[in-house]
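Okay, structure first, notes after.
The values are calculated or read from the model by the stated rules, or taken from the named source; none is laboratory data. Predicted, not measured: the structure shown is a model, and the values here were computed from it. Calculation scope for accessible area: heavy atoms of the full protein, side chains included, ligands and nucleic acids excluded. Shrake-Rupley method; radii C 1.70, N 1.55, O 1.52, S 1.80 Å.
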Amino acid sequence: MAEIERRFKCNCKEVSITHNGISYLVICGKHINGAYCAFPKLNVAVELSGYDGDYGYNEKKLHLAFTGKEDCIGNDTETLCALAHLITNIIRELPDVLPF
């Protein structure tokens with residue numbers, strides 16, 4: 001049986017981004033071991049680095065998440081690079097997560 005082991009405060013932001021005329025809700029946040037982002041419209045959630053300026057790592061993680069999704073936001077390197085910078089900067093603004 002699954003049970004809650006510990007609880008943590010949640011630090012997240014929701015932003016809307018537009019690419020090729022389509023608007024996407026992106027939920028970005030920090031958790032106790034790093035960061036994440038989710039694209040609900042695309043059924044994509046990605047574990048990211050919570051370290052300041054870790055654009056390369058986050059770009060690679062976004063690329064893996066969007067691989068095989070032909071009709072979505074992450075088909076080209078330029079878009080993924082810009083998206084990684086945007087999301088990493090949003091995460092950087094969030095306070096660190098502490099246990100309750």
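In region 22-62, carbon and sulfur make up what percent of the accessible area (probe 1.4 Å)? Present the calculation step by step, with values, prior to reporting the outcome.
On the way: 1110 of 2040 Å².
Whole-percent figure for carbon plus sulfur exposure: 55.
When nucleic acids and ligands are ignored and a 1.4 Å probe is applied, LYS30 ends up with an accessible area of around 20 Å². What the chain shows is 65 Å² of accessible area per residue, with the surface traced by a 1.4 Å probe over protein heavy atoms. Principal-axis analysis of the Cα atoms of the chain puts helix 77-93 at an angle of about 30° to the longest axis.
If you take volume of the Cα convex hull per residue in Å³ from the coordinates, which of (i) 146; (ii) 110; (iii) 170 do you get? Computed from these coordinates, volume of the Cα convex hull per residue in Å³ corresponds to label (ii).
With 20 Å as the limit on Cα-Cα distance, the pairs of LYS41/LYS69; LYS13/LYS41; LYS9/LYS60; LYS9/LYS61; LYS30/LYS61 that go past it are LYS9/LYS60; LYS9/LYS61. Per-residue surface analysis assigns GLU93 an accessible area of about 120 Å², computed on protein heavy atoms at 1.4 Å probe radius. Across the chain, the mean sequence separation of Cα contacts (distance under 8 Å, 6 or more residues apart), normalised by length, yields a relative contact order of 30 percent.
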